[in-house]
Amino acid sequence: MPPLGLLHMRAWASLFNRLLRPSGVVCIREVHFHSQGTRDLSPQQMVVREKILDLVIGCFKRHGAKRLDTPAFELKEMLTEKYGEDSGLIYDLKDQGGELLSLRYDLTVPFARYLAMNKVKKMKRYHVGKVWRRESPTIVQGRYREFCQCDFDIAGQFDPMIPDAECLKIMCEILSGLQLGDFLIKVNDRRILDGMLAVCGVPESKFHAICSSIDKLDKISWNDVRHEMVARKGLAPEVADRIGDYIQCHGGVSLVEEMFQDSILSQNKQAIEGLGDLKLLFEYLTLFGIAEKISFDLSLARGLDYYTGVIYEAVLLQTPAQAEESLNVGSVAAGGRYDGLVGMFDPKGHKVPCVGFSIGVERIFAIVEQRMKTSGQKIRTTETQVFVATPQKNFLHERLKLISELWDAGIKAELLYKNNPKLLTQLHYCEHMGIPLAVIIGEQELKEGVIKLRSVASREEVAIKRENLVAEIQKRLSES
């Protein structure tokens with residue numbers, strides 16, 4: 001429900017519109033406080049988000065990645081012609097005196113620009129940051145115009161498929177750790193895809209356009225994709241049908257072997273190279289113990305122009321019961337190999353092979369948030385460990401001295417900003433905020449040189465010598 005103030009503003013706007021519109025004098029528009037496709041995050045939402053990000057970043061660090069950051073905006077020329085049909089979704093900034101700038105569309109292109117600009121030949125990096133896209137927002141699916149991405153990439157010349165296999169291993173670790181349910185990672189290779197299009201009779205000039213259509217298969221039916229290929233992109237119907245036969249194939253390493261034996265596809269050199277790499281990839285995935293989570297899927301296209309080799313996308317698998325109550329969020333992680341992108345930014349065209357992926361934090365957040373709402377789970381928005389209370393008036397100075405001791409010892413503590421708060425109000429605050437311990441100081445405690453330590457949940461109280469208080473609190477917190 002909107003805040004009361006906003007309801008009042010809407011009511012006034014509606015009233016003025018009705019009163020004044022007939023005379024044509026003025027029309028007050030309904031107030032929108034932020035752009036469509038963006039949102040504020042409440043303290044409860046931020047707690048959930050931080051937990052997700054902590055798990056993701058922890059996994060990146062476990063695999064030896066360094067953190068990188070880049071500006072929120074780039075020179076427009078750096079971003080154009082890197083995203084294919086999606087280039088129209090880039091946010092351009094108003095010219096501020098000679099430099100044409102755009103908000104970053106993803107974290108991959110800025111990473112490639114960074115590598116080229118700083119002449120970096122090897123790097124394993126992660127990056128967490130906001131990106132912006134001018135697409136129609138579908139909030140219920142966790143799609144926004146401003147959203148957070150978590151990227152992991154390995155740049156450098158290495159033996160084939162070892163970095164690629166590690167990327168898939170990391171994706172599996174993160175998705176398992178988040179406990180989102182069963183998932184599947186679809187893999188393909190742009191060389192197999194391009195080879196398939198070539199043997200099916202697609203002109204090379206239409207490869208990117210047809211790939212972009214195939215990429216929509218997770219959103220619309222094959223019949224709609226076929227119609228787009230034929231009616232809008234001018235592909236011959238029989239060519240579209242040949243593509244349809246291939247892209248309905250999906251399986252494990254046995255399908256890779258099957259495609260090697262395909263009399264038509266095996267004539268294409270690019271496709272054979274891609275299949276060879278996928279065979280090696282599955283060998284490494286088996287050693288990592290994750291091969292059963294991976295499916296070779298010939299319909300996987302990934303619309304971005306910069307991919308050159310292996311591509312992959314993780315989707316959640318839902319039982320019928322889950323599907324009824326869950327969000328249809330699409331893929332929750334995706335990536336691939338882009339060996340030519342860095343060379344686009346290098347004046348001499350020097351290439352740095354790269355492979356990586358992005359975790360769809362907003363979509364994962366939408367799922368976790370909905371599950372928490374369904375279960376009615378309460379979220380603590382602070383990490384306060386101890387509350388400093390008093391039953392008596394004129395004890396603010398003693399409370400301030402005591403809380404300062406706790407802060408100096410590294411204990412997370414709070415008090416009420418009142419000179420003479422009621423004890424019941426203070427204890428209710430502890431319970432409402434989920435603070436586990438309260439320390440109570442009054443005249444009697446001051447006289448005896450003790451502090452009462454109260455367990456908020458059990459309401460049990462014990463008197464502790466003032467000099468032993470910090471040690472006792474730390475002991476209790478370490479046991480909880």
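Take the Cα of residue 455, step 7 Å toward its Cβ, do the same at residue 53, and the gap between the two points is 3.5 nm.
Would you mind computing, in nm to one decimal, how far apart the modelled labels at residue 477 and residue 69 are, each placed 7 Å from Cα along Cα→Cβ? Taking the simple label geometry, residue 477 and residue 69 are separated by 2.7 nm.
What separates the Cα centres of segment 94-133 and segment 169-241 is a distance of 27 Å. If you sort 431, 398, 258, 74 by accessible surface, 1.4 Å probe, largest first, the order is 258, 431, 398, 74.
For residue 331, the solvent-accessible surface with a 1.4 Å probe is about 20 Å², rounded to the nearest 10. Accessible surface of the chain, 1.4 Å probe: 53 percent of it comes from carbon and sulfur atoms.
With K and R counted +1 and D and E -1, the other residues having a Cβ less than 9 Å from that of residue 155 yield a net charge of +3. Based on alpha carbons, the Rg and Dmax found for the chain are 29.0, 95 Å. Taken per residue, the accessible surface of the chain reaches 52 Å², heavy atoms only and a 1.4 Å probe.
By the rule of a C-alpha distance below 25 Å, with chain neighbours fewer than 8 residues away ignored, the lysines paired with residue 94 are 76, 82, 130.
Taking 417, 306, 284 and ordering them by how much accessible surface each has at a 1.4 Å probe, largest first, produces 417, 284, 306. Straight-line cross-link reach from residue 452 at under 24 Å between alpha-carbon atoms covers these lysines, not counting any fewer than eight positions away in the same chain: 393, 401, 412, 418, 422, 465, 475. Sorting 315, 342 by accessible area puts them as 315, 342; the probe is 1.4 Å, largest comes first, and only protein heavy atoms count. As a test, work out the antiparallel percent of DSSP beta bridges whose residues both lie in the chain, rounded to the nearest 5. If I count the DSSP bridges inside the chain, around 80 percent turn out antiparallel. For segment 386-479, the square roots a ≥ b ≥ c of the C-alpha gyration tensor eigenvalues yield an a/c under 1.5, which makes the shape rounded. Neighbours of residue 78, meaning other residues whose beta-carbon lies under 13 angstrom from its beta-carbon, give a summed charge of -3 when Lys and Arg score +1 and Asp and Glu score -1. Note on segment 200-293: lysine pairs with Cα distance below 25 Å, sequence gap of 8 or more or different chains, count 10. If you take all other residues with their beta carbon under 12 Å from the beta carbon of residue 253, and give Lys and Arg +1 and Asp and Glu -1, the sum is -3.
The values are calculated or read from the model by the stated rules, or taken from the named source; none is laboratory data. These numbers were taken from a predicted model, which means no experiment stands behind them. As a convention, Cβ positions derive from the backbone with ideal geometry for all residues, glycine included, and neighbour counts pool all protein chains shown. These area figures cover heavy atoms from the full protein model, side chains too; ligands, DNA and RNA do not enter into them. Shrake-Rupley method; radii C 1.70, N 1.55, O 1.52, S 1.80 Å.
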